[in-house]
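Each remark here refers to the structure printed beneath this line.
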Amino acid sequence: MKCQYCDKPATFHITELTEPDGPQVLHLCEQHARNVLQKGEPTPVSSVAGALAKQLQLGQTKEELRKLDQKECPVCGITFFEFRNSGRLGCPLDYDFFEADLKPLLLNIHDSLEHTGKRPTRAAATADSQADLIRLRKEMEAAVDREEYERASELRDQINAIQGEPKRRGNA
């Protein structure tokens, strides 16, 4: 789809449902979206304008977003694209791995990088131990697939030790 003001591809599609005669739809290229969102005039799309303007001010072009979407966590394998679509990260290491990319998002959403709410009373596992658990589980699955059952049982015991569960011996 093309921009409503020029022949460039439209990368911003804004639908505003406040009009009494039906929704107003804008299809804009990045340049015209910047112009529309930076104007001080009130427009029918002003509720969306703030969020999009903040995104445009982050300086993320279409090419930069494409590169960012391909960035993949070495532990759990989640890509930033999957995170953007689901809104959930794959493992605790993702907070460190995607830290530079998450900071602008957190500032945009929460206006802060500091947690100020309540914390759970039970002790949360550290990011390192969670990453180790994920790695050990993957290794254990691979060992089972290769029919290396002794190695798989050693890995299972390591996982249980990290989780604080007792070892299981036999059927008892």
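The values are calculated or read from the model by the stated rules, or taken from the named source; none is laboratory data. Computed from a predicted model, the values in this text were never measured in an experiment. Neighbour counts run over all protein chains shown; Cβ positions are idealised from the backbone, glycine included.
Restricting attention to the range 78-89, the residues being in a loop (DSSP other than H, G, I, E, B) and in contact with a Cys (Cβ under 9 Å, 6 or more places away or on another chain) number 2.
Considering the range 98-117, and only residues there that are at pLDDT below 85 and in a loop (DSSP other than H, G, I, E, B), the residue that is farthest from Q130 (Cα to Cα) turns out to be D111. Within the range 10-64, the set of residues being of a type in the set (G, A, S) and modelled with pLDDT under 65 comprises G40, S46, S47, A49, G50, A51, A53, G59.
Note on the range 118-128: residues that are modelled with pLDDT of 70 or more and within 21 Å of the chain's Cα centre (by Cα) amount to 3. Scanning the range 78-97 for residues that are more than 19 Å from S129 (Cβ to Cβ) and not charged (D, E, K, R) yields a count of 7.
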